[in-house]
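Taking it in order: structure first as structure tokens, then the write-up.
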Amino acid sequence: MSAETPQQTDSVDTPTLPESCPLDKLYRKRVAQGRDLTVLIADWNLERGSGKTTLALQLAAHFDKTEEGITQDKATLSAHELMQAYTEEPTRSGIMLDEGQAGVSNRRSMSGINEAMRKIVGMGRVEQKYLCLTAPGVHQIDKDIRNMCDVWIFVTSLGEGEMFRVRYNPFEDHEVTDSWGTIQWNADLPGPLQDTYQNMTAEKKRRLRGKGDDGDGYVPADEVEESIESAREKAERQKRNEIIRKIYSENDEFTQQKLADTIGLSRSRIGDILTES
């Protein structure tokens, strides 16, 4: 199947999908049925910076048929704000949740956020909203939610991805996917979408500094590993020091020097440990 590319129209400054694209055909069918549509966008190699956000914004803009188009209230990093937009924005709005693994993670499958998201994706038909979720990987999203998505798009390179139609197999309890070919998009966003993109980028940076809403700030993976290793080393030192104090207090034959020689620390360090509270 040839690449399907969002194009710029002459009348409005938003991208469109060609009518031959199967995703656009599904979208038009859902519009006729008065039903919602949910697209999950992830990266084939679990990478960041591959254009998932720009694709999600362009698809949401294509789906949105309201007068105001995609506003900052319709594009968010917060699952709480997404639920608010879903219920309060006009019918036939395109909305998106960027970095969806933070709000609908498979590690928080019993959270109130995930329960509400299940209702949105699984039962929210009367609202007629067209939702785009992004995440580094499909399986970072709660299983029930990703299985309810209509289409998965895996970004394979900057500006190109593979589309898959998703259906659920209740007998084997897993999703079934059919390949829908490729999709291509331009990384350059038109003015209004660029403003929304920059606003979301600023919010991501704010969360990276630990100031995210509801404690959902983003922390770089290397910092997480460093924090874990530091905590592990601290716990090991505390346990070692407790054993040293116990041995010294319960065994008269162990002098500080003998403890130092046995454990491999200096006598002065043993003295410090014994006097620590």
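The values are calculated or read from the model by the stated rules, or taken from the named source; none is laboratory data. These figures come from a predicted structure and were not determined experimentally. When we count neighbours, we look across all protein chains shown, and the Cβ atoms used for this are built from the backbone with ideal geometry, even at glycine.
Listed values, structure above:
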| read-out | value |
| --- | --- |
| Restricting the range 252-277 to residues that are loosely packed, with under 11 Cβ neighbours inside 10 Å and either touching a Lys or Arg at 6+ places or on another chain (Cβ under 9 Å) or part of a helix (DSSP H, G or I) (or both), the residue that is modelled with the highest pLDDT | SER268 |
| Any hit, the range 226-240, residues being among the aliphatic types (A, V, I, L, M), modelled with pLDDT of 75 or more and out of contact with any helix residue (DSSP H, G or I) (no Cβ under 7 Å at 6 or more places or on another chain) | yes |
| Yes/no for MET96 being closer than 20 Å to TYR27 by Cβ and modelled with pLDDT under 85 | no |
| SER249 being in a helix (DSSP H, G or I), outside the structural domain of THR76 (by TED's automatic domain parsing), at pLDDT below 65 and of a type outside the set (D, E, K, R) | no |
| Criterion: surrounded by fewer than 18 Cβ atoms within 10 Å (Cβ to Cβ), basic (Lys, Arg), modelled with pLDDT of 65 or more and within 21 Å of ALA56 (Cα to Cα) - qualifying residue of ARG146, ARG125, ARG165 | ARG165 |
| Inter-residue pairs, beta-carbon under 8 Å, first of a type outside the set (D, E, K, R) and in the range 135-150, second assigned to a loop (DSSP other than H, G, I, E, B) and surrounded by fewer than 22 Cβ atoms within 10 Å (Cβ to Cβ), 6+ apart | PRO136/LEU46; PRO136/GLU47; PRO136/ARG48; GLY137/LEU46 |
| Output for the range 186-200, where each listed residue is of a type in the set (Asp, Glu) and either part of a helix (DSSP H, G or I) or not assigned by TED's automatic domain parsing to the domain that holds LEU55 (or both) | ASP195 |
| Matching residues, the range 52-68, being in contact (Cβ under 8 Å) with a residue 60 or more places away in the chain and more than 14 Å from the chain's Cα centre (by Cα) | THR54, LEU55, LEU57, GLN58, LEU59, ALA60, ALA61, PHE63, ASP64 |
| Qualifying residue in the range 16-39 (condition: under 22 Å from ARG165 (Cβ atoms), at pLDDT below 80 and in contact with a His (Cβ under 6 Å, 6 or more places away or on another chain)) | yes |
